[in-house]
Amino acid sequence: MSVAPGLQPESWHLLTLLERAPGLHVLADTLSDLVDDGHPVVAGTADLKYSNGLIRFQERHPDRFVQFGISEQHMVSTAAGLATTGLQPYVATFASFLALLACEQIRTDAAYTQLPVRLIGHHAGITLGFYGTSHHATEDLAIMRSIAGLTVIAPADPAQLGAALRASVDRPEPIYLRIGRGQEPAVYEDGDLSEFEIGKAIAHGAGEELTILATGSMVHPALQAAEALRAEGRSVGVLDVHTIKPLDEQAVLAAAARSERLMSVEEHNVLGGLGGAAAEVLSAHGAGTPLHRHGIRDEFSLIGPPTHLYRHYRLDAAGIAAEARELLDGAAR
Amino acid sequence: MTTAMSDETTAAEIARIEERARFARLETVRLISIAKTGHYASGFSCAEILATLYYGVMRLRRGEPDWPERDRFLFGKGHAAATLYPLLADWGFFPAAELDEYTRLGNAFGDHPDMTRIPGIDFSSGSLGHALSAGVGMALGGRMQGQDFTTYVLLGDGEQHEGQVWEAALHAAHHRVRDLVAIVDRNDHSLDGQIDGVTGIEPLLDKWRAFGWEAHEVDGHDAGALLALFRALAADRERTCPAVVVANTIKGKGISYMESEFGWHLGWLAPQDEANAIAELEGGR
């Protein structure tokens, strides 16, 4: 169906954008289902309902939707106010504007108060490609992780986002959920996640030579990379660390005990995110297993189409595999 | 006869509010003497506003700080919390003796109010500019759930510098959040001096009106005027927009040498000076 009379079916505009981001449907649809199930869920956004798909929530539950306009700081503080009345607010905007622009509101109004505010930072990492640094978020995990009392989750795919949202609903604490742009390939089927638990990492195979610790959008390419490496005869496993905080320390230490090497992969600065969190645990426990932190190396990303950026920064399957090969070969030398 | 009775009742209420405002100032002096530093002047400018809300306007239940139907109060200028704590203790929300350890290690009562530890504090504050947004959230949440409480948010005039105040002002007007009353304690000073010299905010009422609010101006130390205005706002069922009360006040009101001397934004009185200050406040009957 064309977006205007006489236009080709491939032409698109904002109102058909969502069709191209099926991963984001899960956000609105899960929240809508939670309202149907009787949960006092309220959803809001800062003038991005077509970008994050919350238009679908608004259509199903207009009385539970709050449009904040382009006022991210106000949105976070208001969500905290809503939570004091017994509601469960889920507010969403670009991760850059949520975790950086409204950082202090998250810290002071949601975390310090320990109110059940859910913060959805979407289009995180470098998914906004050539929009540039203002729209990238390669610092959010590090910032959010350092806020006391804030749970930090980076689901790997739409199914895991749905599971995380459902798992979040009865939790008393504030939660930051970091997601991509809704075009991420599926890692899981819904049925795979019946035992999903916030704070419990998911192991995909055991690697004697290497375990890749991956989070969020990097889980899928990490699994593909591990498969390629295994085809070469290497023993490589992947740990899906969907919860950055509280970190599943036992799973990280178990991987360190099992594998000769560890490599963290995240669409984030190598400082302070998953790699930083894992390094803290390893050093605290005296684990001697070397950890290689892979991600954006403390620089502002170039601009470009996201897939090109992933290739450039070795954050696609081939790049992660190449990084791992160098690591393992270097270790062997 | 009825009118005369009602006037008499009101006169008694006004006297009670004035007496509680004096109590709040005296307690502020006492608490700051414990902490050895504090915001005398910021608390003194809003003592009548707080006393009027807590003893003449807000729907509250003694000893029940979490009563769901209570009116809400958010203290944007949270640095004046020492003037509010004694009123909350007076309402039986916590034992007054807890204030004797004000600001001591691990105590719940600090320079800024903490909702997680102090019964009766409806929202934590300290970072200027947040409270009106949180108040919008409370009022919206109440409306979504069919509750009819009113949310009062007391802002500083220096706080008007914060951009988030105006995000909240736009949003509240757009959504016609009518059960929301903002109060601006216009004491004309922020930390660095007179507001006019720091960054001017006038004409303030025009600004709020331009943002879609019903704006009123009142003498912030006149308990009778405050009581009449707040009650009229609460009784007005026709208003469809939020309301703001710009209360003209004197920073440091009640202690002669503190009045409009911006240095007293923060300070401490040595024992003899404190005794003299108490005498001056007690003499102001």
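No lab work stands behind these numbers, since they all come straight from the coordinates. Predicted, not measured: the structure shown is a model, and the values here were computed from it. Cβ coordinates were reconstructed from backbone atoms using ideal geometry, including for glycine residues, and neighbour counts include every protein chain displayed.
Over chain B, what is the relative contact order in percent, taking alpha-carbon pairs closer than 8 angstrom and at least six residues apart?
Across chain B, relative contact order equals 22 percent.
For a footprinting-style exposure proxy, rank B:260, A:32, B:45, A:194 by other Cβ within 10 Å, fewest first.
Fewest-to-most ranking of B:260, A:32, B:45, A:194: A:194, B:260, A:32, B:45.
Just tell me how shielded A:104-111 is by partners: mean number of partner chain Cβ atoms within 10 Å of each residue's Cβ, no decimals.
3
Rounded, prolate or oblate, given the Cα gyration tensor of segment A:191-315, with a/c below 1.5 counting as rounded?
Numbers: a/c = 1.37, a/b = 1.24, b/c = 1.10.
Because its axes are fairly even, with a/c under 1.5, segment A:191-315 counts as rounded.
If I fit a long axis through the Cα atoms of helix A:249-258 and take the longest principal axis of the Cα atoms of chain A, what angle between them do I get, 0 to 90°, rounded to 10?
30
Name the most mobile residue of A:290, A:221, A:116, meaning the one with the largest mean-square fluctuation, in a Gaussian network model of chain A with Cα contacts below 10 Å.
In the Gaussian network model the winner is A:290.
Relative to the longest principal axis of the C-alpha atoms of chain B, give the angle of the C-alpha long axis of helix B:81-90, reported between 0 and 90° and rounded to the nearest 10°.
80
Going by the alpha-carbon gyration tensor, a ≥ b ≥ c the square roots of its eigenvalues, is segment A:1-155 rounded (a/c under 1.5) or, if a/c is not under 1.5, prolate (a/b greater than b/c) versus oblate?
Cα axes put segment A:1-155 in the oblate bin.
What does the C-alpha gyration tensor say about the overall shape of chain B? Classify as rounded when a/c is under 1.5, otherwise prolate if a/b is larger than b/c, or oblate.
Here chain B falls in the rounded category.
Hey, fewest Cβ within 10 Å first, where do B:19, A:19 land in order?
Fewest-to-most ranking of B:19, A:19: A:19, B:19.
Could you state the number of Å between the C-alpha centres of segment A:238-283 and segment B:63-114?
So the separation of the two Cα centres works out to 42 Å.
Just want the ordering: A:90, A:313, from fewest to most Cβ atoms lying within 10 Å of their own Cβ.
A:313, A:90
Of the residues A:273, A:125, A:86, which exhibits the maximal mean-square fluctuation in a Gaussian network model of chain A defined by a 10 Å Cα contact cut-off?
Result for chain A, Cα springs under 10 Å: A:86 fluctuates most.
Could you work out the mean count of beta carbons from other protein chains within 10 Å of each residue's beta carbon in B:122-133?
5
Which residue fluctuates the most in chain B, going by a Gaussian network model with Cα springs under 10 Å, if the choices are B:84, B:60, B:132?
Most flexible of the set in this elastic network: B:60.
Could you work out [θ]222 nm for chain B from helices alone, using -39500 (n - 2.57) per DSSP H run of at least four and dividing by all its residues? Round to the nearest 500 deg cm²/dmol. Please report the intermediate quantities before stating the final value.
Numbers: 10 runs with 119 residues, N = 285.
Per the formula, -13000 deg cm²/dmol.
Nearest 10 degrees, 0 to 90: what angle lies between the long axis of helix A:25-36 and the longest principal axis of chain A (Cα atoms)?
Roughly 60 degrees between the two axes.
Defining a contact as two alpha carbons under 8 Å apart and six or more residues distant in sequence, what relative contact order in percent does chain A show?
Dividing the mean separation by the residue count of chain A yields 15 percent.
What is the spread of the Cα atoms of chain A along each of their three principal axes, largest first, in whole Å?
62, 53, 38
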